[in-house]
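The structure appears below as structure tokens.
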Amino acid sequence: MRVLFAVAVFLAPASLFGWGCDGHRIVAFIARAHLTPDVSQEVDRLLRSSPVAASGNRNCPDSPADAMAAVASWADDIRSRVKNGVWHYIDIPRSVTERVSLAPWCPPLALSSEGKDAAGCVVDAIQYFSKILADKTRSDPERAEALRYLIHFTGDIHQPLHDIDDSDQGGNCDPVRFSGDENSTNLHSLWDTRLLQAEMQKASITGTAEFAAILDTRFASLYPALSKEPAGDSESWSWESNALARNVAYGKLEPAVAMVTPGTIVACPDRRQTVGALQIVIGDAYTIPAQRVIDEQLARAGFRLAFLLNSILHN
């Protein structure tokens, strides 16, 4: 049984993205509902000024009519081509339990050039593109690109496993089996898509706009406090998500996955073998608290994205 489980895990595709199509669209729909009328019009104007080709949205079929939701996963579509994958996450070690400088895991942002990968992390990427969007001396296409990145990265940074690493690529090397599923998955994919899909299926919800409206109502009490935070405080958002990853994403696993000793580097195949041997099955004891976190993080991302755009684009 252990051998079969390990083989299934090895063959399972690893998720490289945050939230998946549904999650990113939900964030965009929630944000849209809280934009001021003027800002909402400006968002649409900018996105129309630099339209994304239909083929550019290939990772997410059935593009929604809402312009923000339609481009919510654009940054994933182009990441391999422009070599800026590092902008989607920050690898704060799981062993770090207190807020410290992010400098060791977030070098200054640099664009890809001469075939080299870009530098930086999701924290400084949000700050960088916020400045571009706010700069009215920039061209509309430049500001539209910045807007598309902000829509996406604000979602990414609220996915807890985009803010932590335990020598496992943010959970991509940690095989788990979701109860009832025939095939195995990994911890990152579980949080990106599977838990959200399961919740929507259980509630017979097929549309992301509908689920966004449900979350918007459920967590409406959070918006007043979040709108009083500093706009675009990506460093605080990252630490918030990091704590959720430690306490819930990893902390609720049974059997527990031992933390990697600081400074130790473990190859992904070795990590898969070690964690696969635990045969972790995700049942209700994990699913219920995890889905609560996912729901609230999607709402927080939408609320904060709205406040950020309202702050930058107000007349």
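Here are a few things to note about the model shown:
- Filtered residues of the range 91-111 (kept if within 18 Å of residue 259 (Cβ to Cβ), among the hydrophobic types (A, V, I, L, M, F, W, C) and surrounded by 13 or more Cβ atoms within 10 Å (Cβ to Cβ)): 92, 96, 105
Condition check ((1) more than 22 Å from residue 227 (Cβ to Cβ); (2) in a helix (DSSP H, G or I)) across all residues:
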site	(1), (2)
22	yes, yes
31	no, yes
52	yes, no
64	yes, no
75	yes, yes
100	yes, no
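- Residue within the range 288-296 that is open to solvent by less than 10 Å² (accessible area, probe 1.4 Å) and among the acidic types (Asp, Glu) present: yes
- Helices (runs of 4 or more DSSP H) completely within the range 187-306 that count 2 or more residues being over 15 Å from the mean Cα position of the chain (by Cα) and farther than 16 Å from residue 160 by Cβ: 195-202, 208-218, 223-226, 268-276
- Given (1) open to solvent by less than 20 Å² (accessible area, probe 1.4 Å); (2) more than 30 Å from residue 264 (Cβ to Cβ); (3) not small (Gly, Ala, Ser), index of the condition residue 182 fails: (1)
- With respect to (1) farther than 16 Å from residue 91 by Cα; (2) of a type in the set (A, V, I, L, M, F, W, C); (3) open to solvent by 10 Å² or more (accessible area, probe 1.4 Å), the lone exception for residue 243 is condition (1).
- Test: residue in the range 68-81 that is modelled with pLDDT of 95 or more, open to solvent by 30 Å² or more (accessible area, probe 1.4 Å) and either of a type in the set (A, V, I, L, M, F, W, C) or under 25 Å from residue 171 (Cβ atoms) (or both): no
- Unmet requirement for residue 165, which otherwise passes all of (1) acidic (Asp, Glu); (2) closer than 28 Å to residue 290 by Cα; (3) out of contact with any Asp or Glu (no Cβ under 7 Å at 6 or more places or on another chain): (3)
- In this structure, residue 250 does satisfy being under 12 Å from residue 174 (Cβ atoms) and of a type in the set (Phe, Trp, Tyr).
- Residues in the range 112-159 that are surrounded by 15 or more Cβ atoms within 10 Å (Cβ to Cβ) and without any contact (Cβ under 8 Å) to a residue 24 or more places away in the chain: 128, 132, 138, 142, 146.
- Entry remark, the range 273-307: residues being closer than 18 Å to residue 22 by Cα and without any contact (Cβ under 8 Å) to a residue 60 or more places away in the chain number 1 in total.
- Qualifying residue in the range 175-187 (condition: in contact (Cβ under 8 Å) with a residue 12 or more places away in the chain, under 28 Å from residue 303 (Cα atoms) and not hydroxyl-bearing (Ser, Thr, Tyr)): yes
The values are calculated or read from the model by the stated rules, or taken from the named source; none is laboratory data. Predicted model only: the values in this text are computed from it and were never measured. FYI the Cβ positions are ideal-geometry reconstructions off the backbone, even for glycines, and counts take in every protein chain you see. For the accessible areas, the whole protein counts, side chains as well, though only heavy atoms, and no ligand, DNA or RNA atoms are used. Shrake-Rupley method; radii C 1.70, N 1.55, O 1.52, S 1.80 Å.
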